[in-house]
Amino acid sequence: VQLQASGGGLVQAGGSLRLSCAASGTRFSINRMGWYRQAPGKQRELVATFTSDSNRHYADFVKGRFTISRDNAKKTVYLEMNSLKPEDTAVYYCNAVFRGDPFWGQGTQVTVSS
């Protein structure tokens, strides 16, 4: 499984960005797809994900601001990020779990200026 993420960039505080992650390399659907992030000097942390039963799970620090969605036909997951804060600055990684194995995208930088 290969994951291609896109959509990062530089935005002012209060602004919005939309990340996309397209999966390829399998003809099967992937239920567990989501987003993590890693800020400089910090550990990678969960941002939002679809669970194995297709529910949405969000980290507390993004609830009400970020929305995860998906297009199953395109095997693509999206992260709509609104009301961005400088502390959201990080490299955002797409993640998928397929047949028990984790896969990671290459990461996309999100920078929020104050």
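The values are calculated or read from the model by the stated rules, or taken from the named source; none is laboratory data. Keep in mind that what you see is a predicted model, and the values were worked out from it rather than measured. We place every Cβ from the backbone using ideal geometry, glycine too, and count neighbours over all the protein chains shown. We work out accessible area using only protein heavy atoms, side chains counted, and drop any ligands, DNA or RNA first. Shrake-Rupley method; radii C 1.70, N 1.55, O 1.52, S 1.80 Å.
The residue pairs whose first member lies in region 34-55 and is over 14 Å from VAL91 (Cα atoms) and at pLDDT below 95, whose second member is open to solvent by less than 20 Å² (accessible area, probe 1.4 Å) and not acidic (Asp, Glu), and whose beta carbons are closer than 9 Å, counting only pairs six or more residues apart or on different chains, are THR51/GLY34.
Determine, yes or no, whether THR67 is polar (S, T, N, Q), open to solvent by less than 30 Å² (accessible area, probe 1.4 Å), part of a strand (DSSP E or B) and over 19 Å from GLN109 (Cβ atoms). Judged against the criteria, THR67 is not a match. Only a single item in (1) over 19 Å from GLY8 (Cα atoms); (2) at pLDDT 95 or above is not met by ASN72, and it is number (2). Mind checking which residues of region 79-91 are buried (at least 18 other Cβ atoms within 10 Å of the Cβ) and either among the β-branched types (Val, Ile, Thr) or in contact (Cβ under 8 Å) with a residue 60 or more places away in the chain (or both)? LEU79, MET81, LEU84, THR89, VAL91, listed by residue number. For region 4-15, does any single residue satisfy the condition of being touching a Phe, Trp or Tyr at 6+ places or on another chain (Cβ under 8 Å), open to solvent by 60 Å² or more (accessible area, probe 1.4 Å) and in a strand (DSSP E or B)? No, because not a single residue in region 4-15 is touching a Phe, Trp or Tyr at 6+ places or on another chain (Cβ under 8 Å), open to solvent by 60 Å² or more (accessible area, probe 1.4 Å) and in a strand (DSSP E or B). When ALA59, ALA39 are checked against the criterion of being under 25 Å from ARG99 (Cα atoms) and of a type outside the set (Lys, Arg), ALA59 stands alone in meeting it. Of all residues in region 65-78, those being farther than 15 Å from GLY34 by Cβ and touching a residue at least 12 places away in the same chain (Cβ under 8 Å) number 2.
Applying the criterion of being open to solvent by 30 Å² or more (accessible area, probe 1.4 Å) and in contact with an Asp or Glu (Cβ under 8 Å, 6 or more places away or on another chain) to the residues of region 18-60, the residue that is farthest from LYS74 (Cα to Cα) is GLN38. Looking at ILE68, ILE30, just one residue is under 14 Å from PHE103 (Cα atoms), touching a strand residue (DSSP E or B) at 6+ places or on another chain (Cβ under 6 Å) and β-branched (Val, Ile, Thr), and that residue is ILE30.
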